[in-house]
């Protein structure tokens, strides 16, 4: 494994772990509320739920930006030498972008539990 790939893997794992921790910590209290209690949910739960949704989206987007920048620059170098690698490189950049989509899905789930 190259030395350039190690920071990307570490940031990806960190962002995924933080997203999972945020979803478990802040989605669980809101999930305990029934539909009748949803109208009078505690403001503290609302505050932490919205903060968790924002943090999940923000952290995953920052991690995806770093991963796409690193993978994209390496992909441009590889394409300059071997243009036939375009399909493989496109898949790798798409996988790096998937981190942001996972964070967005988690934040949508958190907000749906609050509403």
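Values in this text are rule-based calculations from the coordinates and carry no lab data. This is a predicted model, so every value here is computed, not measured. A quick note on method: Cβ atoms are made from the backbone with ideal geometry, for glycine too, and the neighbour counts reach across all protein chains shown.
Neighbour counting of Cβ atoms within 10 Å sorts the residues 81, 97, fewest neighbours leading, into 81, 97.
For segment 52-97, the convex hull spanned by the alpha carbon atoms encloses 40 Å³ per residue.
Among 60, 73, sorting on how many other beta-carbon atoms sit within 10 Å of each Cβ, with the fewest leading, yields 73, 60.
Residues 113, 88 in ascending order of nearby Cβ atoms (within 10 Å, fewest first): 88, 113.
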